[in-house]
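Notes follow the structure.
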Amino acid sequence: MSSRPSLRDAQRALTRDRLLTGARDLFAEKSYLEATIDGIAERAGVARATVYLHYETKGALAQDLLILDMAAQRRFYHKLADILDRDSPAPNREAL
């Protein structure tokens with residue numbers, strides 16, 4: 001049995017990524033309050049109904065973005081802590 005995701009699962013993940021990217025870009029350009037589901041759908045290149053297949057609200061989409069961003073920051077700070085915990089007195093700029 002293959003451990004690869006099905007084509008449907010892969011497409012769903014791709015659409016979700018497009019929605020997250022579109023929302024992140026729109027929130028950065030306008031603001032969370034000014035961004036709309038229609039605007040997010042347009043940025044992601046999907047229909048409004050597709051947004052609602054993945055997220056019940058704009059807030060749920062924003063929550064996923066925050067969780068992803070927090071996880072990325074956590075990985076970054078753990079990596080930085082590993083560099084700083086090494087025995088050398090001062091890590092070089094390239095290591096940081």
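The values are calculated or read from the model by the stated rules, or taken from the named source; none is laboratory data. Model, not experiment: these values are computed from the prediction. Positions of Cβ are generated from backbone atoms using ideal geometry, with glycine treated the same way; all protein chains shown enter the neighbour counts. The accessibility values were calculated without ligands, DNA or RNA, using every heavy atom of the protein model including side chains. Shrake-Rupley method; radii C 1.70, N 1.55, O 1.52, S 1.80 Å.
Could you say whether any residue in region 3-11 is part of a helix (DSSP H, G or I) and open to solvent by 100 Å² or more (accessible area, probe 1.4 Å)? Checked region 3-11: at least one residue is part of a helix (DSSP H, G or I) and open to solvent by 100 Å² or more (accessible area, probe 1.4 Å). Of all residues in region 17-37, those being basic (Lys, Arg) and surrounded by 17 or more Cβ atoms within 10 Å (Cβ to Cβ) number 2.
For residue 32, the conditions (1) in a loop (DSSP other than H, G, I, E, B); (2) without any contact (Cβ under 8 Å) to a residue 24 or more places away in the chain; (3) within 18 Å of the chain's Cα centre (by Cα) are fulfilled apart from (2).
Return the residue satisfying two criteria in turn: it lies in region 38-71 and is assigned to a helix (DSSP H, G or I) and among the hydroxyl-bearing types (Ser, Thr, Tyr), and of such residues it is least open to solvent (accessible area, probe 1.4 Å).
To start, the set of residues in region 38-71 that are assigned to a helix (DSSP H, G or I) comprises 38-44, 48-54, 58-71.
Still in the list and also among the hydroxyl-bearing types (Ser, Thr, Tyr): 50, 52.
Values: 50: 36, 52: 96 Å².
By that ranking, first place goes to 50.
Here residue 18 meets the list (1) in a loop (DSSP other than H, G, I, E, B); (2) touching a helix residue (DSSP H, G or I) at 6+ places or on another chain (Cβ under 7 Å) almost entirely, failing just condition (1).
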